[in-house]
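Undergrad: Supplied in structure tokens, the structure appears directly below.
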Amino acid sequence: MTAPDLKDRLLDAALIHVAFDGWTEDTFRAAAEDAGVDLAVARAVCPRGAVDLAVAFHKRGDAQMVARLQDTDLGDMRFRDRIAAAVRFRLEAVEDKEAVRRGMTLFSMPQHAPDGMRLIWETAGLIWDSLGDTADDVNWYTKRATLGAVYGSTVLYWLGDETPDHQATWDFLDRRIDDVMQFEKAKASVRDNKLLSGLFAGPLAVLNQIKAPGSARQDMPGRWRNEQ
């Protein structure tokens with residue numbers, strides 16, 4: 001059995017215990033026992049124990065969202081509605097809210113907060129990539145940052161939503177995306193306005209030099225346009 005298969009097996013076993021014990025060492029040990037995996041082998045697959053399983057749980061949801069996006073015809077939808085659909089697909093991939101709630105608690109801890117922020121960033125990136133975004137400048141970063149904020153706030157709202165079919169959450173999501181669209185329009189108006197574009201010429205010139213990751217310098221988060 002491969003390491004990914006073992007991790008999936010441990011994750012399936014862990015989800016039964018997460019609602020009661022959270023993403024904790026007790027959950028990890030119980031998962032290994034229930035899955036029939038030697039604890040030493042489980043440690044080799046998940047060096048950080050339940051933290052690695054919580055990360056795997058989030059990434060499993062991301063993979064299900066991407067698969068659903070690929071199987072759905074979004075051609076007739078406005079782009080903002082495609083974004084809303086992607087976020088909705090991501091939340092609908094979750095079968096156990098308590099596992100997410102416990103994950104929020106885990107990733108709010110200082111030592112695990114970087115993992116939580118990275119996971120939200122990656123989710124936002126997968127949405128943009130799946131929807132065919134081709135930005136390779138500073139917009140690559142701003143799009144992921146704004147969508148990550150929308151996703152994170154929507155998850156928090158969704159966790160407390162008890163309306164039928166989570167309709168209040170989808171309404172909340174639509175409002176947040178409308179806010180982002182207004183921000184994007186404001187950015188465009190600055191560039192199109194001769195006076196404002198002149199005032200911001202210096203900052204915009206600097207920002208326009210930023211490139212998305214993917215250059216030969218893989219150890220850096222981005223690059224300058226004039227990089228050779």
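The values are calculated or read from the model by the stated rules, or taken from the named source; none is laboratory data. For clarity, every value in this text was computed on a predicted model and none was experimentally measured. Using ideal geometry, Cβ is built from the backbone for each residue, glycine included, and neighbour counts are taken over all protein chains shown. In case anyone asks, the SASA skips ligands and DNA or RNA and just uses the protein heavy atoms, side chains included. Shrake-Rupley method; radii C 1.70, N 1.55, O 1.52, S 1.80 Å.
Undergrad: Inside segment 108-129, can you point out the residues that are open to solvent by 50 Å² or more (accessible area, probe 1.4 Å) and touching a residue at least 40 places away in the same chain (Cβ under 8 Å)?
TA: Filtering segment 108-129 for residues open to solvent by 50 Å² or more (accessible area, probe 1.4 Å) gives 108-111, 114, 117-118, 120-122, 126, 129.
If the condition is that a residue be open to solvent by 50 Å² or more (accessible area, probe 1.4 Å) and touching a residue at least 40 places away in the same chain (Cβ under 8 Å), then Glu122, Leu126 are the ones that fit.
Undergrad: Follow-up question, since we're still on this one. Being farther than 28 Å from Trp140 by Cα, in a helix (DSSP H, G or I), hydrophobic (A, V, I, L, M, F, W, C) and modelled with pLDDT of 95 or more is the requirement here; does Val37 meet it? Reasoning before the result, please.
TA: On the way: farther than 28 Å from Trp140 by Cα: yes; in a helix (DSSP H, G or I): no; hydrophobic (A, V, I, L, M, F, W, C): yes; modelled with pLDDT of 95 or more: yes.
Answer is no for this residue.
Undergrad: If a residue has to be assigned to a helix (DSSP H, G or I) and within 22 Å of Asp71 (Cβ to Cβ) to count, how many in segment 122-144 make the cut? Walk me through how you get there before you give the answer.
TA: Quick first cut of segment 122-144, residues assigned to a helix (DSSP H, G or I) only: 122-130, 138-144.
When the remaining residues are screened for being within 22 Å of Asp71 (Cβ to Cβ), the result is 122-130.
Result for segment 122-144: 9.
Undergrad: Filter segment 132-158 down to the residues that are in contact (Cβ under 8 Å) with a residue 60 or more places away in the chain and either loosely packed, with under 15 Cβ neighbours inside 10 Å or acidic (Asp, Glu) (or both) and list them by number. Working first, answer last.
TA: Quick first cut of segment 132-158, residues in contact (Cβ under 8 Å) with a residue 60 or more places away in the chain only: 135-138, 140-141, 147, 150-151, 154-155, 158.
Those that are in contact (Cβ under 8 Å) with a residue 60 or more places away in the chain and either loosely packed, with under 15 Cβ neighbours inside 10 Å or acidic (Asp, Glu) (or both): Ala135, Asp136, Asp137.
Undergrad: I need the full set of residues from segment 25-73 which are of a type in the set (Ser, Thr, Tyr) and open to solvent by less than 20 Å² (accessible area, probe 1.4 Å), in order please. Give the steps one after another, and end with the answer.
TA: Keep residues of segment 25-73 that are of a type in the set (Ser, Thr, Tyr), which gives 27, 72.
Answer for segment 25-73, where residues must be of a type in the set (Ser, Thr, Tyr) and open to solvent by less than 20 Å² (accessible area, probe 1.4 Å): just Thr27.
Undergrad: Please state which one of Ala67, Ala56, Ala84 is assigned to a helix (DSSP H, G or I), free of Cβ contacts under 8 Å to residues at least 12 places away in the same chain, out of contact with any Ser or Thr (no Cβ under 9 Å at 6 or more places or on another chain) and small (Gly, Ala, Ser). Can you show your working first?
TA: Numbers: Ala56 fails: free of Cβ contacts under 8 Å to residues at least 12 places away in the same chain; Ala84 fails: free of Cβ contacts under 8 Å to residues at least 12 places away in the same chain.
So the residue among Ala67, Ala56, Ala84 that is assigned to a helix (DSSP H, G or I), free of Cβ contacts under 8 Å to residues at least 12 places away in the same chain, out of contact with any Ser or Thr (no Cβ under 9 Å at 6 or more places or on another chain) and small (Gly, Ala, Ser) is Ala67.
Undergrad: Modelled with pLDDT under 95 and either closer than 21 Å to Ala113 by Cα or acidic (Asp, Glu) (or both): which single residue out of Ala54, Ala50, Ala19 fits that description?
TA: Ala19
Undergrad: Still on this structure, I have one more. Could you grab me the full set of residues in segment 11-34 that are aromatic (Phe, Trp, Tyr) and assigned to a helix (DSSP H, G or I)?
TA: Phe20, Phe28
Undergrad: Within segment 89-107, track down each residue that is open to solvent by 30 Å² or more (accessible area, probe 1.4 Å) and either under 20 Å from Asp179 (Cα atoms) or part of a helix (DSSP H, G or I) (or both).
TA: Within segment 89-107, Glu92, Lys97, Glu98, Arg101, Arg102, Met104, Thr105, Phe107 meet the criteria.
Undergrad: Enumerate the pairs (first residue in segment 89-107 and under 15 Å from Tyr157 (Cα atoms); second residue anywhere and open to solvent by 50 Å² or more (accessible area, probe 1.4 Å) and of a type outside the set (A, V, I, L, M, F, W, C)) with beta-carbon separation below 7 Å, excluding pairs fewer than 6 apart on the same chain, so at least 6 apart or on different chains.
TA: none
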